[in-house]
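Structure first, then comments.
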Number of protein chains: 2
Amino acid sequence: VSVGSRGRSSAPAELLDSAAGGDRVSLARLLSLAERGGDVAREVDRLVFPRAAGAYTVGMTGSPGAGKSTLTDCLIRASRDRDVGRVAVLAVDPSSPLSGGALLGDRVRMQDHALDEGVFIRSMASRGQLGGLSLAVPLAVRVLDAVGVPLVFVETVGVGQIEVDVAGATDTTVVVVTPGWGDAVQAAKAGLLEVADIFVVNKADRAGTREAELDLRRMLDMSPREGWDPPVLPTVASRGEGVGELWDAIGRHREYLEETGLGAERRGARLEREMRLIFVRMLEERAESLSASPEWQRVLEEVRSHRLEPYQAALMLAEDLGR
Amino acid sequence: VSVGSRGRSSAPAELLDSAAGGDRVSLARLLSLAERGGDVAREVDRLVFPRAAGAYTVGMTGSPGAGKSTLTDCLIRASRDRDVGRVAVLAVDPSSPLSGGALLGDRVRMQDHALDEGVFIRSMASRGQLGGLSLAVPLAVRVLDAVGVPLVFVETVGVGQIEVDVAGATDTTVVVVTPGWGDAVQAAKAGLLEVADIFVVNKADRAGTREAELDLRRMLDMSPREGWDPPVLPTVASRGEGVGELWDAIGRHREYLEETGLGAERRGARLEREMRLIFVRMLEERAESLSASPEWQRVLEEVRSHRLEPYQAALMLAEDLGR
């Protein structure tokens, strides 16, 4: 597939052209730039943002061991069978220091689809840069979108706050539980009832499946939402059972979002959230850099020596920030 | 004591003069202004800050029911017996919507010292204004300091994050546990090992006192600190037992802080923390007010219609903020 990266230009604009032409290595390098954050990520966004507005995103979340990866693989196969075009997976792991497909799990999964040029799998870890994964993931989605990938799965490892935020910031969010996971209260505690558009009880050949379904149903009925009522679907991902039904449910939710206009509304809200997040981070960075400045030290010395009160000092510093 | 508040001026400067002259109602009203936050609190701080640098603060924290109030009352009596001057208690309860001594518990305690003009007890609750209790409490301490109170106890109801922060931001922090409280692991979990200058095992006439002391000792030895080694003292506050030893330990810690210069260093660090907190809150308030502006809506519309990427939009808004 790849002839290595030697000789390729690393300028984002050229990488984007090659990636749009189907070059996977250029796409991988473009995603690395996007993930790096800072000025280079901004340049990437400037290029891809106007080209990206079409890709549909499906979030896959749930507790570790629920079978999310296997289920996502089934959905990839389903999408390839149905000829919807290229498909990508962003496997998000906030706890891992590694990015870029270096994880063993991804190598195994890559082999699964190694002969399929239409499937792109990428792991993303936390890099600690401006906004972290909450900003890196939507930018990565836009990169994929801009090079012509119409369907992106965003899969998380666990159900931490970041993971729920990231998987919840998609068009359709699928929450995967197992009969052995315990009751639906755990899902509720993790904030999953609010973000789930579809619930899946995976490993549904095990005892307790019916109880898990009923528990989820009961929890959902206790806090009913207007409009879309999240279905609860049993699957056995390891044997591909129930995957067709899940695929259809995603399609129905997509239609619902389009018909009601809710999809566009949510995308707008997500963009505003992203803008707000970047904005607050920028202010925090400015404040951080200011607190290392001679001006900060000067004002602080005035406060320490009781010549200036903290309110007045902060006000002076805040005014300085604007200059 | 009081002739009511009618006829008194409510201007901070005049209240401060009356309060400094010993008028308790003026002092109470000044503290209410300080607690209210906003411009009026800033005016109060402008007046009291240059006058305040001397009051010694003792934080009293620990789980509910450990007997902190009773122990604080014992320390008040000890300070009055030793003639150290006027003394005040700020009873901090982040979970209560009530401030200003309206709590039943304080009424009962006020009666205890009702005939003692040298004791001032004040409850403080969360008002949700800029910085909350983390800013209101140090300002209240400065008010008391400025009117000539040399010793202030800051007593919290429980061991939540705010309460540990507030009680920890004092010269000497006393952490009160009971034999029944369980092991020292609970104290460690609440972050109390780090802030404690003195540990008290109260209700030391109960079984398990020795074990609690040993547990705390062991936990402290596992993370040794340079310099001051926190003593672990048994007390029976209800009978006044061990209070003299606690009073002496506070005195020894105070001497340690003065001799090493650590006291002044910590006060400086607390003032910087306060300034930084006010500063960040100011930026957040500006960001909040900006997001309701026509400019924010205009930029957001550009982003939603995919003409401007979120990074660029946030940058434009951040630049606007400075103007």
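Numerical summary
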read-out	value
Pair list, Cβ under 7 Å, 6 or more apart: segment B:44-57 residue at the interface with chain A (Cβ under 7 Å from one of its Cβ atoms), other residue aromatic (F, W, Y) and open to solvent by 10 Å² or more (accessible area, probe 1.4 Å)	B:D45/A:Y311
Single residue of segment A:49-69 satisfying the filter (within 22 Å of A:L192 (Cα to Cα), open to solvent by less than 30 Å² (accessible area, probe 1.4 Å) and small (G, A, S)) that is modelled with the lowest pLDDT	A:S63
Positions within segment B:5-40 being closer than 19 Å to B:L135 by Cβ and modelled with pLDDT under 90, in sequence order	B:A34, B:E35, B:R36, B:G37, B:G38, B:D39, B:V40
Where a residue in segment A:285-310 is in contact (Cβ under 8 Å) with a residue 12 or more places away in the chain and its partner, wherever it lies, is aromatic (F, W, Y), with Cβ under 7 Å and at least six apart	A:A287/B:F279; A:L290/A:W296
When residues of segment A:271-280 are limited to those that are surrounded by 18 or more Cβ atoms within 10 Å (Cβ to Cβ) and in contact (Cβ under 8 Å) with a residue 40 or more places away in the chain, the one farthest from the other protein chains (Cβ to nearest Cβ)	A:L277
Residues of segment B:75-94 that turn out to be in contact with a Pro (Cβ under 7 Å, 6 or more places away or on another chain) and aliphatic (A, V, I, L, M), as a count	1
Filter result for the condition that a residue is crowded, with 16+ Cβ neighbours inside 10 Å, aliphatic (A, V, I, L, M) and more than 7 Å from chain B (Cβ to nearest Cβ), over A:L300, A:L317, A:L283, A:L308	A:L308
Residue check for B:E265: acidic (D, E) and within 22 Å of the chain's Cα centre (by Cα)	yes
Selection from segment B:239-249 of residues that are open to solvent by 30 Å² or more (accessible area, probe 1.4 Å) and within 23 Å of the chain's Cα centre (by Cα)	B:W247, B:D248
Members of segment B:70-87 that are surrounded by fewer than 20 Cβ atoms within 10 Å (Cβ to Cβ), within 24 Å of B:T178 (Cβ to Cβ) and small (G, A, S)	B:A78
Residue match in segment A:67-78 (condition: among the basic types (K, R) and either under 26 Å from B:R307 (Cα atoms) or within 14 Å of chain B (Cβ to nearest Cβ) (or both))	no
Filtered residues of segment A:21-42 (kept if away from every other protein chain (no Cβ under 11 Å) and either open to solvent by 40 Å² or more (accessible area, probe 1.4 Å) or assigned to a loop (DSSP other than H, G, I, E, B) (or both))	A:G21, A:G22, A:D23, A:R24, A:R29, A:S32, A:R36
Residue match in segment A:250-261 (condition: small (G, A, S), without any contact (Cβ under 8 Å) to a residue 12 or more places away in the chain, more than 29 Å from A:G67 (Cβ to Cβ) and open to solvent by 70 Å² or more (accessible area, probe 1.4 Å))	no
Residue ID - nearest to the other protein chains (Cβ to nearest Cβ), chosen from residues in segment A:286-297 that are of a type in the set (S, T, N, Q) and part of a helix (DSSP H, G or I)	A:Q297
Subset tally (residues that are modelled with pLDDT of 80 or more, part of a loop (DSSP other than H, G, I, E, B) and over 22 Å from A:T70 (Cβ atoms)) for segment A:107-135	0
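The values are calculated or read from the model by the stated rules, or taken from the named source; none is laboratory data. Source: prediction; values computed, not measured. As a convention, Cβ positions derive from the backbone with ideal geometry for all residues, glycine included, and neighbour counts pool all protein chains shown. Surface accessibility is based on the protein's heavy atoms, side chains included, excluding ligands, DNA and RNA. Shrake-Rupley method; radii C 1.70, N 1.55, O 1.52, S 1.80 Å.
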